[in-house]
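The values are calculated or read from the model by the stated rules, or taken from the named source; none is laboratory data. Everything numeric here is computed off the predicted structure, so don't read it as measured data. Here the Cβ positions follow ideal geometry from the backbone for every residue, glycine too, while neighbour counts run over all protein chains shown. When the accessible area is computed, the model is the full protein with side chains, heavy atoms only, and any ligands, DNA or RNA have been set aside. Shrake-Rupley method; radii C 1.70, N 1.55, O 1.52, S 1.80 Å.
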There are 2 protein chains.
Amino acid sequence: MSFYDFLQNEGIQIEKDIGEHIFRQGDVDTSLYFINSGLLKAYYLSDEGKESIKSFLSHKDIIGSLASAYLGEPCSFGLLCLQPTRLTKISFSALREYSHKDVSVANEVIDVLLQFSMKKEKREFEFLCLSAEQRFSLLVKNTPHLIEKITQNDLARYLGVTPVGLSRIKKRVYESDLLS
Amino acid sequence: MSFYDFLQNEGIQIEKDIGEHIFRQGDVDTSLYFINSGLLKAYYLSDEGKESIKSFLSHKDIIGSLASAYLGEPCSFGLLCLQPTRLTKISFSALREYSHKDVSVANEVIDVLLQFSMKKEKREFEFLCLSAEQRFSLLVKNTPHLIEKITQNDLARYLGVTPVGLSRIKKRVYESDLLS
DNA sequence: CATACGTTTTAACCTCGGTTAATGCGTGTT
DNA sequence: AACACGCATTAACCGAGGTTAAAACGTATG
């Protein structure tokens, strides 16, 4: 038994179109979602209406609200399709039950969580140690394909600046590129 | 068999004094450390000499470089004692071996990783969505005991501002508190 | 006591990014 | 073709925080 067998056996296939939500901020959703294809954004919405993007998700990513699945809290963020998306929905508690019975599934879950933790540590590092301009340049270097698929509004809200701010950053970066 | 049995049986007790390092940025260290007592800071040092503090660690926290333990990379941050500290050092790979043999240990590791992931997501949220002033106010509210133990220099580098900046933020916050 | 060292505050100046608003640029849609 | 709508850029103004340096505090240590 493996994690992917679990996905096959226990997962529910879901298809969503552009603009549709998987869940909304404030919902209780105790599922995890494995993305087969498409593109989504996980985003926070403040009381004042300011949107901030937590992450973009695509093929092979796994997403869900841990606080909701693990603690039963309402989701602190929403999950929205930017492209038509096929996902496999699984129950977090069912996965935990399997993990208690099956040591190899448990260890695959550990691997998933280790990958996830390292990803979050990397983002923490970027916010803590780098400027918005450095975060932008790094993103251009590391995931140029992603940048082509999303609007600059969304890219800005992912980097933690406004669209106006990102436009200025781009101008600075590309002008200094011309000199070198 | 439980995770704490593992700590007892396989762990090595370590004592360190103020100013001593557990490991330095750039080292390869494939251990995890359980903190019995004391206080540490995990911190990044940039090429230009700028320090940024990733986290403060104390009683019952677990720390280690995942990238180093899991992938064998050099540690991207260092770990330094701010108070005399007693730790239990365990081998990451030994823990992984135990997890492969013992389903209950594996599931405790899952719990540890879930807690860790939620902590990192919370910090991501704070950098992405909140101002330095809001992060400071939240820290005062949530962990007032920590603030008494560390210098304002370290607090600033944890919040992602300079000590000068934090001094201004404090002044603003306390002056607006007087009014209410 | 005197000195030295680290911490915190304050001040002056500057830079980056936020805000608002106007303009221009696609790309549908009717 | 005309219009509307969302996206991107630009400009003007503002504010938060960075930088540098000085001053005000401790609190060790000789």
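Let me confirm something: among B:V161, B:V140, which residue is closer than 30 Å to A:A132 by Cα, under 21 Å from the mean Cα position of the chain (by Cα) and outside any helix (DSSP H, G or I)?
One residue alone meets the criteria, B:V161.
Hey, does the stretch A:46-55 have a residue that's touching a Ser or Thr at 6+ places or on another chain (Cβ under 8 Å), part of a strand (DSSP E or B) and within 23 Å of B:M118 (Cα to Cα)?
yes
Counting just the residues of the stretch A:119-134 that are within 13 Å of A:L166 (Cα to Cα) and not small (G, A, S), which one comes out farthest from DNA strand C (Cβ to nearest atom)?
A:Q134
Checking the condition facing another protein chain (nearest Cβ under 7 Å), touching a residue at least 40 places away in the same chain (Cβ under 8 Å) and open to solvent by 40 Å² or more (accessible area, probe 1.4 Å), which residue from A:F125, A:F116 passes?
Selected residue: A:F116, the only one of A:F125, A:F116 that is facing another protein chain (nearest Cβ under 7 Å), touching a residue at least 40 places away in the same chain (Cβ under 8 Å) and open to solvent by 40 Å² or more (accessible area, probe 1.4 Å).
Given the criteria without any contact (Cβ under 8 Å) to a residue 60 or more places away in the chain and within 14 Å of chain B (Cβ to nearest Cβ), does A:L95 qualify?
Spelling it out, it is not the case that A:L95 is without any contact (Cβ under 8 Å) to a residue 60 or more places away in the chain and within 14 Å of chain B (Cβ to nearest Cβ).
Which numbered condition in (1) more than 15 Å from DNA strand D (Cβ to nearest atom); (2) surrounded by fewer than 16 Cβ atoms within 10 Å (Cβ to Cβ); (3) among the polar types (S, T, N, Q) is the only one that B:T85 fails?
Among (1) more than 15 Å from DNA strand D (Cβ to nearest atom); (2) surrounded by fewer than 16 Cβ atoms within 10 Å (Cβ to Cβ); (3) among the polar types (S, T, N, Q), the lone unmet condition for B:T85 is (2).
Please go through the stretch B:70-94 and pick out each residue that is in contact with a strand residue (DSSP E or B) (Cβ under 7 Å, 6 or more places away or on another chain) and in a helix (DSSP H, G or I).
Passing the criteria: only B:F92.
So if I check each of A:K89, A:K60, A:K41, which one is more than 10 Å from chain B (Cβ to nearest Cβ), on the phi > 0 side of the Ramachandran plot and modelled with pLDDT of 95 or more?
That would be A:K60, the only listed residue that is more than 10 Å from chain B (Cβ to nearest Cβ), on the phi > 0 side of the Ramachandran plot and modelled with pLDDT of 95 or more.
Go through the stretch A:85-105 and give me each residue that's farther than 27 Å from B:L128 by Cβ and out of contact with any Ser or Thr (no Cβ under 7 Å at 6 or more places or on another chain).
Result: A:T88, A:A94, A:L95, A:R96, A:E97, A:Y98, A:S99, A:H100, A:K101, A:D102, A:V103.
Please determine, by comparing only the residues of the stretch B:47-67 that are open to solvent by 20 Å² or more (accessible area, probe 1.4 Å) and within 16 Å of DNA strand C (Cβ to nearest atom), which one is farthest from B:I18 (Cα to Cα).
Checked the stretch B:47-67; the qualifying residue farthest from B:I18 (Cα to Cα) is B:E48.
Collect the residues in the stretch B:44-57 that are more than 9 Å from every other protein chain (Cβ to nearest Cβ) and closer than 15 Å to B:N153 by Cβ, keeping them in residue-number order.
Residues satisfying the conditions are B:L45, B:G49, B:E51, B:F56.
Considering only residues that are open to solvent by 30 Å² or more (accessible area, probe 1.4 Å) and more than 19 Å from the chain's Cα centre (by Cα), which ones fall in the stretch B:103-113?
Matches in the stretch B:103-113: B:V103, B:S104, B:E108.
Could you run through the stretch A:135-169 and say how many residues are near DNA strand C (Cβ under 8 Å from one of its atoms), open to solvent by 50 Å² or more (accessible area, probe 1.4 Å) and under 29 Å from B:E51 (Cβ atoms)?
Qualifying residue count, the stretch A:135-169: 2.
For residues in the stretch B:7-43 being assigned to a strand (DSSP E or B) and charged (D, E, K, R), which is surrounded by the fewest Cβ atoms within 10 Å (Cβ to Cβ)?
B:E15
Can B:H100 be described as within 30 Å of B:H145 (Cβ to Cβ) and either facing chain A (nearest Cβ under 8 Å) or exposed (fewer than 15 other Cβ atoms within 10 Å of the Cβ) (or both)?
No: the conditions fail for B:H100.
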